[in-house]
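Here's the structure we're looking at; comments come further down.
The values are calculated or read from the model by the stated rules, or taken from the named source; none is laboratory data. Just so it is clear, the model here is predicted, and its values are computed rather than measured. Cβ coordinates were reconstructed from backbone atoms using ideal geometry, including for glycine residues, and neighbour counts include every protein chain displayed. These area figures cover heavy atoms from the full protein model, side chains too; ligands, DNA and RNA do not enter into them. Shrake-Rupley method; radii C 1.70, N 1.55, O 1.52, S 1.80 Å.
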2 protein chains.
Amino acid sequence: MLVALAQLNPTIGALEDNSRKIAHAYQQAIKKNAELVIFSELALCGYPPRDLLSYKSFLQKERELLNKQIIPLTSGDNPPIIVGANFEEDGKLFNTALIIENGAVKSVHKKTLLPDYDVFDESRYYSPAGEQSIVSVNNIPFALTVCEDIWNDRNFFAKPLYDVDPLHKLFSAKPGILINLSASPYHRGKLALRNNLLSYLAKKYACGIFYLNQVGGNDDLIFDGCSLIYNCDGQLIYKARSFEEDLIFFDTDNLFNSTVKKVALPEEDIGLIASALTLGLKDFVTKTGFKKVVIGLSGGIDSAVVAVLAVKALGAENVLGVMMPSVYSSEHSLLDAVKLADNLHVNHRIISIEEVFQAYLGSLNKDGEALLDLAEENVQSRIRGNILMHIANREGYLTLVTGNRSELAVGYCTLYGDMAGALAPLADLSKSEVYTLAQHFNQEAPSAVIPINSIVKPPSAELRPNQKDEDSLPPYNILDPILELYLKEQMGASEIIDRGYNANTVNRVIKMVNRAEFKRKQSAPGLRVSSFAFGLGRRMPISGNTKWNW
Amino acid sequence: MLVALAQLNPTIGALEDNSRKIAHAYQQAIKKNAELVIFSELALCGYPPRDLLSYKSFLQKERELLNKQIIPLTSGDNPPIIVGANFEEDGKLFNTALIIENGAVKSVHKKTLLPDYDVFDESRYYSPAGEQSIVSVNNIPFALTVCEDIWNDRNFFAKPLYDVDPLHKLFSAKPGILINLSASPYHRGKLALRNNLLSYLAKKYACGIFYLNQVGGNDDLIFDGCSLIYNCDGQLIYKARSFEEDLIFFDTDNLFNSTVKKVALPEEDIGLIASALTLGLKDFVTKTGFKKVVIGLSGGIDSAVVAVLAVKALGAENVLGVMMPSVYSSEHSLLDAVKLADNLHVNHRIISIEEVFQAYLGSLNKDGEALLDLAEENVQSRIRGNILMHIANREGYLTLVTGNRSELAVGYCTLYGDMAGALAPLADLSKSEVYTLAQHFNQEAPSAVIPINSIVKPPSAELRPNQKDEDSLPPYNILDPILELYLKEQMGASEIIDRGYNANTVNRVIKMVNRAEFKRKQSAPGLRVSSFAFGLGRRMPISGNTKWNW
C-alpha cells in the first residue's frame, strides 16, 4: 500500500485555511497514486489550540469542516484518510486520530497519555482513552497512535511518566506497523531522542513505523516536521524535510524489505537552530497578520543576529533597522550597526535619543542634570523601545526584541525598554549560543555579514559611560552554566554549589533569576529551541520570591 | 473535642515564615485548650506553589521544616495537628493532609481530584490518590479531604467534572464529621456556591463539616478565608473572618447540638469586592518586598478608585499620586486629580509630559508637527508609563496599573504606556463595576472621596482633542455584556448574536478581543474577583488570531 504522509504547517485556529491545506495535499497525494493519506495530530485546528478548545463553537466549526470538506474527499473509491482531530463523546473531549473511508468516519482512535509537563496542558482539555485497538486499511493491520502514546516504554525510559503503556497492549496483536500522528516541538537534542525511541520501538515490536510530525511555528513553539519512517529492524529508511512542509510517499511493503537504503538523521548543529529560528520568526510574523519587522540595531551582537534571522525569514525588503545612539554609545557602535544594515541590504534610520532624554532630565531632575542612576539607564532603554513601537504603530511593522536568554533570566534588561516588542527570537539562546550563531552566519556567507567588531568587543548595554555587562553580571562562561543548572536541571542552590561553583555567585544569580520573574511575566513570547523553558513552560509565582532560599 | 481552625495567610514559597506562622498559631490554640489544630491545604508552602514544586530542593526544605519545626510540636501529650503538605512516595508527588500526633506523622490523606481548569494545573504536579480512608483523632472518626475532593457530588452538580466522587466511598463508613482543607480563591458568587454545596453535603451525609480555607493574596489570586462550620442538619453555625487571618474554636459535640445558633453568610456586595481588592493589593505589594506604590492620577475614575484602594491597603503615607497633564488634558482633569489626592491625604507631583512629547515630535516627525495619529496617542501614554517607572525605579515604589477589564479585554490601552506597572488592581472589574465601587467608596466616607466630576464625566483617554472612549468602543452597557458572553460564557459570535446583540458590534468586539491577546500576554498580573479569567486562567494562542471566525 502506497502511503502518503502530508507534513503540513497549520495555523492555530485558522480552521478554513487548514482544511483547504488538507484537501489540497490529499488531491496531490492521490494524483501520485497514494492509497492512504495521513495527516498529523490535530491537523485541522493546529497544535496547540489551547483555550480555543473551551469554545463549543470552535469545536463545532472543526466538525463542520470535517463533515463538509474532508470526509467527502474519500467518497466512492477514493483512498482513505487518517487525520488528527478533536472528538466529543458523552460530554468529554478526546484528542484522536480518525480513519476516514468511503465518505465516513470508520474508526476513532483516542489518545491515552495526556502530557501536562512543560508547555503542555492536555488534561486541561482532554479525557484519556479507555482502551485502544488495532485497525486495518486495505487489509493491512496497524497500531494507530497519537503523539505521547508511544512515549512511555518501561524499558526505554528509566522513569516512565505514566502508569500505562498503550503500545504494550496494542502490540499484543502483533500488527506489524505503527502509525503515530504527532505535533512534537523542536528543541536541541529532540531529534536524537525521537530517533532512539522510534528505532527502539521498531525493533522491540518488530514493526515498521510511520512517524508524522507537524511543521511550522506557532507562538513560541517551533515544530520541525522531519517525519520519519523506520523498517522493522529499527533502521531509519525515509525522512521528510526539516522546518518545511513536505509530502512524502512510501510503500508499506518496503518496511519489511531489508534492501531499502538507510538514511541519516539531520545533524544537530547550529545550522539547525538557525533554521528553527528562521521558521519560527517567519511564522510568528505572518500568522499574526504582519509582513515586516523593525529592529533596534545597537551595533552589538544580539541585534545583529536578530537582523540576520529576520532577513532570512522575511527578506531584506521587509526589515527595517533603527539606530538610536546616545552620548553613552561607543564610537564604533553606530558604525557597526550601519555596516550591518549595509551588509544585509536593509533600510535603516538613525534617530538620536538625546533630545528626548534631555527632555526627561529636564522634567524629572533638579536643574536637568543627569544622575547616571539605574532609573536613567532604564529611561534611555525605554525611549528606544518607544521609538521602535512608534514606528511599528505608525507604519505597520512588528517590533522584534533582541535580548537573549542569559539576560532575560537574570533580568538584565529593561521592562518596556529593550524588552518592548511582539517577539523575542533569541529569548531561548544563551549569550554563548548567540556568538556561535553569529559565527555560523558569517561563515556561511561569502564575506562576514556581521561586523567582526560586534563579535569581538565586550558586551555592553551602553547606558552609562564605559559600562560593561561584566560590571553587573558574572562572566557569561560562569553565568550560563549556573543558569542551566537552576533553570533547566532545576537544582537548588546547594546542589549547584556542590558542582563547584562559588557560593556567593550562585546565590546572587538565583536571587536575580527569582527577582526577574515579574519581568518575564510581561515579556514578549520567545522562540523555543532548548529544553529550558520560559513562558508557559515555566510557571513560577511572583509573590514570595524574595523569600525563596532552598 | 475542641477543634481549632487556623486560617492563615501564607506567602508562596516562604517556607520558613510560613512554618513559624503555623507554630505560632498552634501555640495560641493550645493555650486556649484546643485538642486538635487544623491548617489549610499546602499551608507550609502556600497555594498555589506552581513550578516551585519542580524543585526537589524546595520539597526537601518543606519536609525538613515539617520534621524539625512542626512535627515536634505534637510530641508527648500535646494535641495533634492536621496540616496540608506535599508528600512524595515512590517517585510521585501527592497533595495531602497529614495527621501529626505524638511527634510523628500518623497518617497521610492524599487528594484524589486534581483540578486542571481555569488557573489550576494540579495534574502538572500531582498524582491522584488511589484510595482514601476514614481516620480518627481522640477516638472521633472523620473523613479528611483536601479541597477539590468534596466538589464532585453527582446529585449536586449537573455535570460532575470527574468520574469518581471520593466522598461517596468515604461516607460508606458513616464517619459523622467531614474535614476539608482548602485553598479556594475568591470570586464573585463563590460564597453562595460553597455554602450551597457544604450545606447539601452535611445533610446528605448527616455529618458536621469543618471547612478551612486559606486567606491572603498570592499574585492574581485572592483567598478569602471565611472558613465555615456546618452542623449535621446542613446549617451554617460558625464562620471565620473574610479576608483576614483568624483562629477559631469549635467543639465537635456542638456539630450535633441543634440548639447552637445559626450564623449568616457574609453578603456578596460591592463591599466584599472592595475588601478582596484591598487585601490582594496589600499582599501583592508586601509579598514582593515593596512598601509603597505610585499611581498616575488622570482625574478619571479608574485611577481614582485604584488610589482609594491603595490608601486602604497601605496607608496614605505609602501612596504617591502623579499627575501628568498634556495639552489634550481637559481643564478639569488636573483639578479633579489634585482634589482626589487632597481628599486622600496622599502626596502628589505634577509632571507635564509636554516637554518630552515635543522632543519626540521633534525626533520623529517632519518639522516636529503633531500628526495626531494612534502612534502619537501611544507615545503620550508611554511617556506617562516611563515617568511612573522612573519614579518607581529611582525611589523604590511599585507602580500600579489603573486599567479595567473592559479596556484590557478589547485592547483599549497602550502596551508599555498605561499598561506599565507591576499589578493591575482593576484588571478584573468591568467599567460598570468600577463605577459601582467608586460610588461605594464615596458613600462609606463622611464626604465624597472621589470627586463627583471624575464619576459623571464621559470616560476619555485624553490623548487627542475631545476624545471619548465611545469614539472607539461600543458604549460600556453594550460592550460589557458582550464581553461577558464571549470571555466568561465562552460563546461564539453566532450564539451571542442570537442573544439579540447587533452582529456587526459582536464581530467587531470579538475581533478586538482576539487581536488584543498579544497585549494581555504582556500585561501586569491583575487581581481576580470574578469567574472571568485572564492570565493563567485564559490560555489563548496568538498566532492565527486574525483568522478565528467561528
Top-ranked residue in the stretch A:112-162 [being within 14 Å of chain B (Cβ to nearest Cβ) and of a type in the set (A, V, I, L, M); ranked as surrounded by the most Cβ atoms within 10 Å (Cβ to Cβ)]: A:Leu114
So, first residue over 11 Å from A:Glu462 (Cβ atoms) in the stretch A:327-345, second residue surrounded by fewer than 21 Cβ atoms within 10 Å (Cβ to Cβ) and of a type in the set (Gly, Ala, Ser), Cβ within less than 7 Å, six or more apart or across chains; the pairs are A:Leu344/A:Ala316; A:His345/A:Ala316
Any chance the stretch A:531-542 includes a residue that's within 25 Å of B:Gly535 (Cα to Cα), touching a strand residue (DSSP E or B) at 6+ places or on another chain (Cβ under 7 Å) and more than 7 Å from every other protein chain (Cβ to nearest Cβ)? yes
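Limited to the stretch B:145-178, what total is found for residues that are within 26 Å of the chain's Cα centre (by Cα) and closer than 25 Å to B:Phe223 by Cβ?
Going through the stretch B:145-178 one residue at a time, the tally reaches 14.
Tally the residues that are small (Gly, Ala, Ser), open to solvent by 10 Å² or more (accessible area, probe 1.4 Å) and part of a helix (DSSP H, G or I), restricting the search to the stretch A:270-292.
Narrowing the stretch A:270-292 to residues small (Gly, Ala, Ser): A:271, A:274-276, A:280, A:289.
When the remaining residues are screened for being open to solvent by 10 Å² or more (accessible area, probe 1.4 Å), the result is A:271, A:275, A:289.
Checking the rest, the ones that are also part of a helix (DSSP H, G or I) come to A:271, A:275.
So the answer is 2.
Within the stretch A:300-308, does at least one residue satisfy the condition of being more than 30 Å from A:Asn453 (Cα to Cα) and either under 15 Å from the mean Cα position of the chain (by Cα) or not in a strand (DSSP E or B) (or both)? It would help to see each step written out before you state the result.
Narrowing the stretch A:300-308 to residues more than 30 Å from A:Asn453 (Cα to Cα): none.
No, the stretch A:300-308 contains no residue that is more than 30 Å from A:Asn453 (Cα to Cα) and either under 15 Å from the mean Cα position of the chain (by Cα) or not in a strand (DSSP E or B) (or both).
Residues are listed down the side, and each one gets a yes or a no for (1) within 11 Å of another protein chain (Cβ to nearest Cβ); (2) of a type in the set (Gly, Ala, Ser):
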{"site": "A:Gly299", "(1), (2)": "no, yes"}
{"site": "A:Leu309", "(1), (2)": "no, no"}
{"site": "A:Asn343", "(1), (2)": "no, no"}
{"site": "A:Val346", "(1), (2)": "no, no"}
{"site": "A:Ile353", "(1), (2)": "yes, no"}
{"site": "A:Val356", "(1), (2)": "yes, no"}
Any idea which residue in the stretch A:1-15 is farthest from A:Asp224 (Cα to Cα), counting only those that are within 14 Å of chain B (Cβ to nearest Cβ) and surrounded by 24 or more Cβ atoms within 10 Å (Cβ to Cβ)? A:Leu15
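Select the helices (runs of 4 or more DSSP H) contained entirely in the stretch A:318-428, then report the ones holding at least 3 residues which are open to solvent by less than 20 Å² (accessible area, probe 1.4 Å) and over 24 Å from A:Lys519 (Cβ atoms).
Passing ranges, in order: A:331-344.
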Out of A:Val83, A:Val37, sole residue that is more than 10 Å from chain B (Cβ to nearest Cβ), under 30 Å from B:Met491 (Cβ atoms), among the aliphatic types (A, V, I, L, M) and open to solvent by less than 60 Å² (accessible area, probe 1.4 Å): A:Val83
Is one or more of the residues making up the stretch B:388-395 within 13 Å of another protein chain (Cβ to nearest Cβ) and basic (Lys, Arg)? yes
So A:Gly299 ticks every box in (1) open to solvent by less than 20 Å² (accessible area, probe 1.4 Å); (2) more than 14 Å from A:Ala461 (Cβ to Cβ) but one. Which box is left unticked? (2)
Here are A:Gly368, A:Gly362, A:Gly289: which of them is modelled with pLDDT under 95 and within 12 Å of chain B (Cβ to nearest Cβ)? A:Gly368
Checking the structure you have, find out if any residue of the stretch A:431-444 is of a type in the set (A, V, I, L, M, F, W, C), under 26 Å from B:Gly417 (Cβ atoms) and buried (at least 20 other Cβ atoms within 10 Å of the Cβ). no
Can you report the number of residues in the stretch B:112-149 which are β-branched (Val, Ile, Thr) and part of a loop (DSSP other than H, G, I, E, B)? 3
If I filter the stretch B:508-530 down to residues being among the polar types (S, T, N, Q) and within 13 Å of another protein chain (Cβ to nearest Cβ), which single residue comes out as farthest from A:Ala422 (Cα to Cα)? B:Asn514
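Scan the stretch B:104-111 and give yes if some residue there is open to solvent by less than 10 Å² (accessible area, probe 1.4 Å), in a loop (DSSP other than H, G, I, E, B), closer than 21 Å to B:Asn213 by Cβ and charged (D, E, K, R), otherwise no. Let's see the steps before the verdict.
At the first step, the residues of the stretch B:104-111 found to be open to solvent by less than 10 Å² (accessible area, probe 1.4 Å) are B:111.
Going one step further and asking which of them are in a loop (DSSP other than H, G, I, E, B), we end up with B:111.
Applying the additional criterion that residues be closer than 21 Å to B:Asn213 by Cβ yields B:111.
Imposing the further condition that a residue be charged (D, E, K, R) reduces the set to B:111.
Within the stretch B:104-111, one or more residues are open to solvent by less than 10 Å² (accessible area, probe 1.4 Å), in a loop (DSSP other than H, G, I, E, B), closer than 21 Å to B:Asn213 by Cβ and charged (D, E, K, R).
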Looking at the structure I just gave you, is B:Asn18 within 14 Å of chain A (Cβ to nearest Cβ), more than 17 Å from B:Glu122 (Cβ to Cβ) and either among the small types (Gly, Ala, Ser) or not in a loop (DSSP other than H, G, I, E, B) (or both)? yes
Quick check on my filter: what residues within the stretch B:238-269 are of a type in the set (A, V, I, L, M, F, W, C) and either assigned to a strand (DSSP E or B) or buried (at least 18 other Cβ atoms within 10 Å of the Cβ) (or both)? B:Ala240, B:Phe243, B:Leu247, B:Ile248, B:Phe249, B:Phe250, B:Leu255
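One line per residue, one yes/no per condition, for (1) touching a residue at least 24 places away in the same chain (Cβ under 8 Å); (2) under 26 Å from the mean Cα position of the chain (by Cα):
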site	(1), (2)
A:Ile482	yes, yes
A:Glu495	no, no
A:Ala524	yes, yes
A:Gly535	yes, yes
A:Trp548	yes, no
Filter pass, A:Leu73 being closer than 20 Å to B:Trp550 by Cβ and either touching a helix residue (DSSP H, G or I) at 6+ places or on another chain (Cβ under 8 Å) or assigned to a loop (DSSP other than H, G, I, E, B) (or both): no
